[in-house]
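Please read the structure below before turning to the comments.
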Amino acid sequence: MLLTALPADMAARLRGAEFTYSEVGLTAGVLPPSYRHLHRTTLIGTGPEVFAEAASRLLRWQLHLRAGLRVSPSSVTAEPGTVMLLGLGAGPIQITAPCRVVYVVHSPGRQGFAYGTLPGHPARGAQAFIIERHHDGAVSFTITAFSRPATRLARAAGPVGLAIQRHIIRRFLLALAD
């Protein structure tokens with residue numbers, strides 16, 4: 001998959017859009033009730049080089065690209081306020097998911113970001129992606145999310161929609177492991 005720049009008119013429209021949920025920023029704390037919660041962590045290696053490379057890939061959208069998504073962001077790196085269109089599928093069956101970066105984590109042992117859903121996304125909620133270097137040198141990758149269907153089609157998808165979400169999460173968890 002390729003990274004393509006988000007057209008300026010689309011970026012402006014998404015920047016002006018309201019989030020589709022009110023619990024903005026809560027992936028950094030206690031997840032809100034009445035949503036489906038997700039918290040997955042995987043070990044991706046050891047050492048400062050692994051940490052630096054994984055953080056660079058994450059913040060430059062490589063996680064999403066390696067997971068098979070199309071990514072059209074307003075910025076080449078994840079920054080607060082960056083808007084993007086994420087895409088999945090081919091031919092007549094395509095899903096487009098507008099999002100905005102809510103926060104970015106830049107500390108010596110933790111790097112990452114979270115984004116929230118905008119109108120047009122099939123779900124409402126947020127997802128955080130954090131790379132962490134532990135005291136023993138181990139480097140882990142954690143995804144934290146809360147979501148619920150936002151459209152009739154997403155609700156109707158039921159178990160199929162959940163299977164697609166689980167598939168993407170598995171791909172995310174594997175994307176930084178090489």
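The values are calculated or read from the model by the stated rules, or taken from the named source; none is laboratory data. Note that the structure is a prediction, hence the values are computed from the model and not measured. The accessibility values were calculated without ligands, DNA or RNA, using every heavy atom of the protein model including side chains. Shrake-Rupley method; radii C 1.70, N 1.55, O 1.52, S 1.80 Å.
Below 8 Å, C-alpha to C-alpha, sequence gap of six or more: please give me the relative contact order for the chain in percent.
Details: 370 pairs, mean separation 49.3, N = 178.
It rounds to 28 percent for the chain.
At q = 0.14, 0.16 Å⁻¹, what base-10 log of I(q)/I(0) does the Debye formula yield for the chain when every alpha carbon is treated as an equal point scatterer in vacuo?
-0.73, -0.97
Report the gain in length on full extension from THR142 to THR96: 0.36 nm times residue separation, minus Cα-Cα distance, nm rounded to one decimal.
Details: separation 46, 0.36 × 46 = 16.56 nm, distance 2.38 nm.
Roughly 14.2 nm would be gained on extension.
Largest first and to the nearest Å, give the Cα extent of the stretch 117-163 along each principal axis.
Rounded to whole Å, the extents work out to 47, 22, 11 Å.
Can you tell me how much longer the chain between HIS39 and ALA17 gets when fully stretched, taken as 0.36 nm per residue apart minus their C-alpha distance, in nm with one decimal?
Working: separation 22, 0.36 × 22 = 7.92 nm, distance 2.72 nm.
Gain in length upon complete extension: 5.2 nm.
Can you send over the carbon and sulfur percentage of the accessible area for the chain, probe radius 1.4 Å, protein chains only? Numbers along the way, then the final one.
Details: 5460 of 9130 Å².
For the chain, the apolar C and S fraction of the accessible surface comes to 60 percent.
Using 10 Å bins from zero, what percent of all Cα-Cα pairs in the stretch 79-178 falls into each bin?
Bins of 10 Å from zero give 14, 42, 31, 11, 2 percent of pairs.
If I build a Gaussian network model for the chain, linking alpha-carbon pairs within less than 10 angstrom, which residue out of SER56, SER34, SER72 has the largest mean-square fluctuation?
Highest fluctuation among the options: SER34.
Report the residue, chosen from LEU58, LEU88, LEU118, that carries the largest GNM mean-square fluctuation when the chain is represented by alpha-carbon nodes joined by springs under 10 Å.
LEU88
When a/c is below 1.5 the answer is rounded, else prolate if a/b is larger than b/c, else oblate, so apply that to the stretch 48-93 with a ≥ b ≥ c taken from the square roots of the Cα gyration tensor eigenvalues. Intermediate results must be reported in sequence, preceding the final value.
Values: a/c = 4.54, a/b = 1.58, b/c = 2.87.
It comes out oblate by the Cα gyration axes.
Could you do me a favour and compute the accessible area per residue for the chain, 1.4 Å probe, result in Å²? Write down the numbers at each step before the final one.
Working: 9130 Å² over 178 residues.
On a per-residue basis, 51 Å².
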